[in-house]
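The values are calculated or read from the model by the stated rules, or taken from the named source; none is laboratory data. In this text, all values refer to a predicted model and were calculated from it rather than measured experimentally. Neighbour counts run over all protein chains shown; Cβ positions are idealised from the backbone, glycine included.
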Amino acid sequence: SVSSAFDFAPNLFPLSSTAQGYTALGAPSNPALDPSNALNGGSLEKNKSLTYLNGLSLVVGLIIGSGIFSSPSQVNKNAGSPGASLLVWLVAGILAWTGAASYAELGGAIPLNGGAQVYLSKIFGEWAGFLFTWCAVVVLKPGSAAIIAIIFGEYLVRAIIGAEAVEASSWLNKGVAMAGLVAVTLLNCISTKLGTRSADVFMFLKFFALIGVTVIGIVVAITGYHYDTPATEDWKTQGWFEGTTTDISSMAVALYAGLWAFDGWDNVNYVTAEFKNPTRDLPRVIHTSLPLVIMCYIMANIAYILVLPSSLIESSNTIAVAFGHQVFGPIGSLILALFVTGSCFGALNATTFTSGRLVYAAGKEGYLPEIFGTIGLGKSHRAIRLHSLNANPGKSRIPRVFIDWFADADAGFFFTPIAAMCLNAALTAVYILIGSFDTLVTFYGVAGYSFYFLAVLGLIILRVKEPDLERPYKTWITTPIIFCCVSLFLLSRAVFAEPVQTLLVVAFMVVGLVIWFAWVGRRRGKSGNRFRKVQEGEMVKVGWRFWRRWKT
Ligand code: ARG
């Protein structure tokens with residue numbers, strides 16, 4: 001059973017050797033590779049052991065990432081005043097909260113694995129599910145990875161070389177972001193466990209950094225202590241709402257930046273099926289984790305505002321460094337920079353892991369060229385592994401402990417969806433090269449919220465069309481309605497606020513639809529409803545454990 005909240009974390013990414021070995025190798029002779037062992041027996045039971053606290057730390061850990069250390073500049077810049085920025089954070093948080101509650105209901109009503117892809121397919125037809133997967137592969141996953149990598153780069157360059165280097169040119173940051181991306185991708189190509197083992201460590205780092213900022217901010221506010229020249233304390237001289245923007249579109253841009261920090265709430269679904277007592281614990285998890293994150297973020301923002309002059313908040317994506325410097329001088333900025341760098345690296349690692357699985361699943365599904373649905377380094381690599389597994393199961397020249405820890409116990413090194421991960425890394429690299437934090441956050445938000453909107457709209461449709469459907473968790477009907485209204489407002493403002501990014505998202509969607517109706521969808525029409533077969537057969541039986549969580 002799960003003994004601590006963090007024991008559960010490795011199961012978060014359970015592309016276990018069993019599931020992976022099976023899909024890659026065909027029916028295996030090694031009993032350890034027989035999926036029925038893992039799927040019908042122990043591990044399933046084990047997965048049912050999630051308690052309230054496990055779920056809480058899981059959701060909080062999924063949401064807190066780079067955003068709270070990078071979004072404040074864009075929020076404050078566009079909202080115009082400290083008070084308005086705090087309101088933006090509150091609205092963003094509540095939007096995320098209503099979204100998470102809605103997704104929990106969807107997850108219970110449609111208990112299949114795959115998140116939005118499945119809900120959209122069930123409610124609107126498979127084209128919608130395909131469109132989501134397509135956009136996740138080309139926009140959402142690489143886009144979010146690029147944002148995190150860019151923040152990683154900015155913080156690391158600031159920590160090691162200094163602020164001047166960041167301001168002089170963005171290419172140094174981008175180079176470091178790229179190096180981080182390559183490192184993380186390589187790590188995830190070599191082994192699954194290498195990647196997932198490190199996730200726990202990073203989870204602690206994030207908590208620690210955020211709580212540290214809040215506590216320091218409060219202490220500084222009370223004692224008036226500072227290292228740098230006394231803060232200008234704009235909030236005292238200018239008032240909290242002085243300068244608030246009257247432009248609705250700027251408000252929308254500020255909201256997108258805030259929403260980035262709250263993103264990840266859709267992952268609530270990955271814990272749905274894991275609870276011992278979902279009807280009781282799932283709502284408890286949602287209604288405590290989201291308020292907790294909202295509170296943490298608002299506290300951290302108050303800390304930023306109390307300690308830093310607003311011009312500084314608005315001018316830097318690396319607010320934690322400025323914060324550390326203001327309070328403790330160079331050492332402070334270095335320490336905070338390293339914390340945030342670690343947090344971003346962890347987030348990049350987790351997202352790379354899951355992107356690999358998403359692209360892999362899309363390849364298997366026939367949504368992408370077949371090559372992306374393969375595991376390992378190609379046919380000969382597979383044959384060698386299979387041979388050595390059959391010849392001497394459990395034996396290897398590499399010490400067992402080492403393999404257990406770092407590689408997939410039986411499959412070995414490089415037994416990962418390498419082609420899928422390379423595609424994801426290539427797309428991410430393009431976004432890093434052409435984008436910046438500010439532009440990418442809106443781009444990502446527009447694409448992301450289009451699908452969140454559709455899925456939650458689907459919830460309302462489902463309530464009307466199938467009122468008797470069993471729903472282990474049912475939200476108040478106003479929840480999805482609020483979510484739909486606010487996100488529709490956000491989406492409608494996007495065109496005015498950031499036309500280029502919005503049109504780009506629309507273009508990607510159009511391309512996706514063309515691909516579906518001209519090609520992928522037609523092919524499936526001929527082979528019967530392949531979606532149903534794959535969904536309920538292969539994915540649920542063989543791949544279900546990782547399929548359920550292919551996306552973080
Ligand atoms: N909220 C996270 C952050 O602040 C971003 C999560 C990215 N979203 C995702 N589905 N991976 O960094």
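Specify which of the listed residues (Gly125, Gly65, Gly107, Gly114) is within 30 Å of Asp468 (Cβ to Cβ) and within 15 Å of the chain's Cα centre (by Cα).
Step by step, each of Gly125, Gly65, Gly107, Gly114 is checked, and only Gly114 is within 30 Å of Asp468 (Cβ to Cβ) and within 15 Å of the chain's Cα centre (by Cα).
So which pairs qualify, if the first residue must be in segment 88-100 and at positive phi, the second must be crowded, with 24+ Cβ neighbours inside 10 Å, the Cβ gap must be under 6 Å, and the two must be at least 6 apart or on different chains?
none
If you go through segment 316-325 one residue at a time, do you hit one that is away from the ligand (no atom under 13 Å from the Cβ), surrounded by 23 or more Cβ atoms within 10 Å (Cβ to Cβ) and within 22 Å of Ala179 (Cβ to Cβ)?
Yes, there is a match, as at least one residue in segment 316-325 is away from the ligand (no atom under 13 Å from the Cβ), surrounded by 23 or more Cβ atoms within 10 Å (Cβ to Cβ) and within 22 Å of Ala179 (Cβ to Cβ).
Output the number of the condition that Gln117 fails; it satisfies all remaining conditions of (1) away from the ligand (no atom under 16 Å from the Cβ); (2) free of Cβ contacts under 8 Å to residues at least 60 places away in the same chain; (3) touching a helix residue (DSSP H, G or I) at 6+ places or on another chain (Cβ under 7 Å).
It is condition (1) that Gln117 fails.
Provide a single number: the residues in segment 493-533 that are modelled with pLDDT under 85, buried (at least 16 other Cβ atoms within 10 Å of the Cβ) and not in a helix (DSSP H, G or I).
0
Out of the helices (runs of 4 or more DSSP H) lying entirely within segment 186-283, which hold 1 or more residues that are modelled with pLDDT under 85 and out of contact with any Asp or Glu (no Cβ under 7 Å at 6 or more places or on another chain)?
Per the criteria, 192-223, 234-238, 268-272.
Take the residues of segment 36-92 that are aromatic (Phe, Trp, Tyr) and crowded, with 23+ Cβ neighbours inside 10 Å: which is modelled with the lowest pLDDT?
Once the filter is applied, the top-ranked residue is Phe69.
Restricting to segment 65-84, give me the number of residues that are within 16 Å of the ligand (Cβ to nearest atom), in a helix (DSSP H, G or I) and not aromatic (Phe, Trp, Tyr).
7
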